[in-house]
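> Just dropping this structure here.
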Amino acid sequence: MSKKILLEHINVPGINTLAVYREKGGYASVEKALKTMAPDAIVEEVKKSGLRGRGGAGFPTGMKWSFLAKPEGVARYLVCNADESEPGTFKDRYLMEKIPHLLIEGMITSSFALGANSSYIYVRGEYFYIIKILEKAIADAYEAGWLGKNILGTGYDLDLYVQAGAGAYICGEETALLESLEGKRGNPRIKPPFPAIAGLYGCPTVVNNVETIAAVVPIVNNGGDWYAGIGIGKSTGTKLISASGHINKPGVYEIEMGITVEDFIYSEEYCGGIKNGKKLKAVVAGGSSVPILPAEMILTTASGEKRLMSYESLADGGFATGTMLGSGGFIVMDETTSIVQNLHTFARFYHHESCGQCSPCREGTGWMEKILHKILDGHGTIQDVDLLWEIQRKIEGNTICPLGDAAAWPVASAIRHFRHEFEEYVKNPAVIKEVKHYHNMHNLATA
Ligand SMILES: Cc1cc2nc3c(=O)[nH]c(=O)nc-3n(C[C@H](O)[C@H](O)[C@H](O)COP(=O)(O)O)c2cc1C
Ligand code: SF4
């Protein structure tokens, strides 16, 4: 049985209310932090914990916090990234919907550690019902004295605001998010300067993911060393995984870092195996932007070990044979899945979501989508497959923000591992008819 930290009380009736949350020990980290700890001591605990950002990049949280500039007389901000628009990723929604006070508690404790007196939760526009849940929880927290002026009589003031985005994937990128929060179009900024130096309204700002901020609560309660003792190597603690696709039990799971991928897919505790007894074909392990791996590679690392659910193990072998933990969006595909069709869906998404600032991303994502469409229409050639490869290579590393890379990696990995499938499509367009027929039937059957 894996350790539950963030989801420990998730099934307690009424845990979404302040009263029940308090009964289960809620807001203890605020009391401890504000009454007994200096802000820098909290940053030290987070550093010790080894916590890495849960939004995708996996950057060490304590280190990020310690980069925050502290000029005299200048405001500092904590911004929670609850944009969560990566296809296949839905863990933050679950946390905010079921246990909103955990995020609010994390926001207060983290804001205190960073010296922020105004903090923001930037929520994806489509999560309008979650905005209501958060607003209610925040109002209750104000009423109980956990927010506002002179919290717990300690002299610390904090105002917490919820801001709705308009539902643009790019607004999850931290600098685009800040632009949007300032009321502008969500175009990513060129870095440096990083938000820690010049973020919201030009002031030092930390942007963290929902799950990252929630994890600060148990870290402050139990200490950084305790958290660092959970998990494996530099992948400490637990991680929320959004599991979807051809599995028996889709859902959000909290895993201890270091369990095997095989266990995660096949055990009853998690995904419960592949639906209808079919064979595993491929997995996208960390949201649509990470490289897709065929069955044998997702189960086994380049060095021949069982692959683990951890930052290091999933990346083992680099992008040739590895992938990324990313945002934890684990999409499982069975033997009937068309990789080309799946890739076309992703390409359409990235083309639609490109903000258009950089030519390689703006033009390349559209070009890749068109070529994939041509192949799926039965008019593709081998040269088109080679062209796809070349286009993705020209995008990767040549753009202002990582959305370009996110669009390129799925294409690169699909061609690298499933080139035979592209070739089958271009050499024998009749295969496409069969595949499309299967998927249409499947969609009808499950509609
Ligand atoms: C296109 C794009 C979309 C992103 N979307 C999200 C998101 O929805 N939520 C999130 O936390 N991070 C997202 N990120 C990563 C953020 O830029 C940033 O790294 C993260 O919020 C930092 O938080 P963390 O250190 O707690 O992981 C996205 C990045 C890119 C390039
Ligand atoms: S990579 Fe794409 S999304 Fe990111 S700034 Fe450039 S054009 Fe915009």
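The values are calculated or read from the model by the stated rules, or taken from the named source; none is laboratory data. Since we're looking at a predicted model, the values are computed, not measured. Please note: Cβ atoms are built from the backbone with ideal geometry, for glycine as well, and neighbour counts cover all protein chains shown. Please note that ligands, DNA and RNA were not included when accessible areas were found on the heavy atoms of the full protein model with its side chains. Shrake-Rupley method; radii C 1.70, N 1.55, O 1.52, S 1.80 Å.
> Looking only at segment 394-423, count every residue that is among the acidic types (D, E), in contact with a helix residue (DSSP H, G or I) (Cβ under 7 Å, 6 or more places away or on another chain) and within 14 Å of ligand 1 (Cβ to nearest atom) and tell me the total.
The total comes to 1.
> Could you look through segment 400-413, keep only residues that are buried (at least 20 other Cβ atoms within 10 Å of the Cβ) and in contact with a Lys or Arg (Cβ under 9 Å, 6 or more places away or on another chain), and pick out the one that is farthest from I331 (Cα to Cα)? Explain how you work it out, then say what you get.
Kept after step one, since they are buried (at least 20 other Cβ atoms within 10 Å of the Cβ), are these residues of segment 400-413: 401, 403-404, 406-413.
Filter again for in contact with a Lys or Arg (Cβ under 9 Å, 6 or more places away or on another chain), leaving 401, 408, 412.
Working: C401: 24, A408: 18, A412: 18 Å.
Within segment 400-413, the match that is farthest from I331 (Cα to Cα) is C401.
> While we're here: Might you let me know whether segment 308-322 holds any residue that is open to solvent by 10 Å² or more (accessible area, probe 1.4 Å), of a type in the set (S, T, N, Q) and under 21 Å from K91 (Cβ atoms)? Spell out how you get there, then give the answer.
Here is the first cut: in segment 308-322, the ones open to solvent by 10 Å² or more (accessible area, probe 1.4 Å) are 308, 311-313, 315-321.
Okay, now just the ones that are also of a type in the set (S, T, N, Q), so 313, 321.
After this cut, where a residue has to be under 21 Å from K91 (Cβ atoms) as well, the list is 313.
Scanning segment 308-322 turns up at least one residue that is open to solvent by 10 Å² or more (accessible area, probe 1.4 Å), of a type in the set (S, T, N, Q) and under 21 Å from K91 (Cβ atoms).
To keep it simple, each residue is scored yes or no on (1) of a type in the set (V, I, T); (2) open to solvent by less than 10 Å² (accessible area, probe 1.4 Å); (3) in contact (Cβ under 8 Å) with a residue 24 or more places away in the chain.
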position	(1), (2), (3)
Y227	no, yes, yes
S235	no, yes, yes
T238	yes, yes, yes
I247	yes, yes, yes
T260	yes, no, yes
Y266	no, no, no
A282	no, yes, yes
G286	no, yes, yes
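> Would you be able to tell me the number of residues in segment 361-377 that are within 12 Å of ligand 2 (Cβ to nearest atom) and buried (at least 21 other Cβ atoms within 10 Å of the Cβ)?
Residues of segment 361-377 that are within 12 Å of ligand 2 (Cβ to nearest atom), as a first pass: 361-366.
Next, from what is left, pick out any that are buried (at least 21 other Cβ atoms within 10 Å of the Cβ): 361, 364-365.
The total comes to 3.
> Shifting gears a bit: Could you check segment 78-121 and list, in sequence order, the residues that are in a helix (DSSP H, G or I), open to solvent by less than 10 Å² (accessible area, probe 1.4 Å) and in contact with a Pro (Cβ under 9 Å, 6 or more places away or on another chain)?
Initially, segment 78-121 is screened for residues in a helix (DSSP H, G or I), giving 91-98, 100-114.
Those left that are additionally open to solvent by less than 10 Å² (accessible area, probe 1.4 Å): 91-92, 95-96, 100-101, 103-111, 113-114.
Of everything in segment 78-121, those that are in a helix (DSSP H, G or I), open to solvent by less than 10 Å² (accessible area, probe 1.4 Å) and in contact with a Pro (Cβ under 9 Å, 6 or more places away or on another chain) turn out to be A113, L114.
> So the check is Cβ under 6 Å with 6+ separation or different chains; which pairs have a first residue in segment 156-171 that's closer than 17 Å to P188 by Cβ and touching a residue at least 24 places away in the same chain (Cβ under 8 Å) and a second one that's of a type in the set (K, R) and open to solvent by 30 Å² or more (accessible area, probe 1.4 Å)?
Pairs that qualify, where the first residue is closer than 17 Å to P188 by Cβ and touching a residue at least 24 places away in the same chain (Cβ under 8 Å) and the partner is of a type in the set (K, R) and open to solvent by 30 Å² or more (accessible area, probe 1.4 Å), are G165/R124.
> Which of the residues belonging to segment 174-197 are part of a loop (DSSP other than H, G, I, E, B) and either on the phi > 0 side of the Ramachandran plot or open to solvent by less than 30 Å² (accessible area, probe 1.4 Å) (or both)?
Pass one, segment 174-197, residues part of a loop (DSSP other than H, G, I, E, B): 182-197.
Those that are part of a loop (DSSP other than H, G, I, E, B) and either on the phi > 0 side of the Ramachandran plot or open to solvent by less than 30 Å² (accessible area, probe 1.4 Å) (or both): G183, G186, P188, P195, A196.
Residues are listed down the side, and each one gets a yes or a no for (1) within 14 Å of ligand 1 (Cβ to nearest atom); (2) open to solvent by 10 Å² or more (accessible area, probe 1.4 Å); (3) in contact with a Lys or Arg (Cβ under 8 Å, 6 or more places away or on another chain):
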position	(1), (2), (3)
A141	no, no, no
D159	no, yes, no
A168	yes, yes, no
A214	yes, no, no
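> Something else: Would a scan of segment 326-349 turn up a residue that is within 16 Å of ligand 2 (Cβ to nearest atom) and either open to solvent by less than 40 Å² (accessible area, probe 1.4 Å) or more than 22 Å from D405 (Cβ to Cβ) (or both)?
As a first pass, look at segment 326-349 and keep what is within 16 Å of ligand 2 (Cβ to nearest atom): 346-349.
Pick out the ones that are also either open to solvent by less than 40 Å² (accessible area, probe 1.4 Å) or more than 22 Å from D405 (Cβ to Cβ) (or both) and you get 346-347.
Yes - at least one qualifying residue is present in segment 326-349.
> Restricting attention to strands (runs of 3 or more DSSP E) lying wholly within segment 213-322, give those where 1 or more residues are basic (K, R) and under 20 Å from the mean Cα position of the chain (by Cα).
Once the strands (runs of 3 or more DSSP E) in segment 213-322 are filtered for at least 1 residues that are basic (K, R) and under 20 Å from the mean Cα position of the chain (by Cα), what remains is 238-245.
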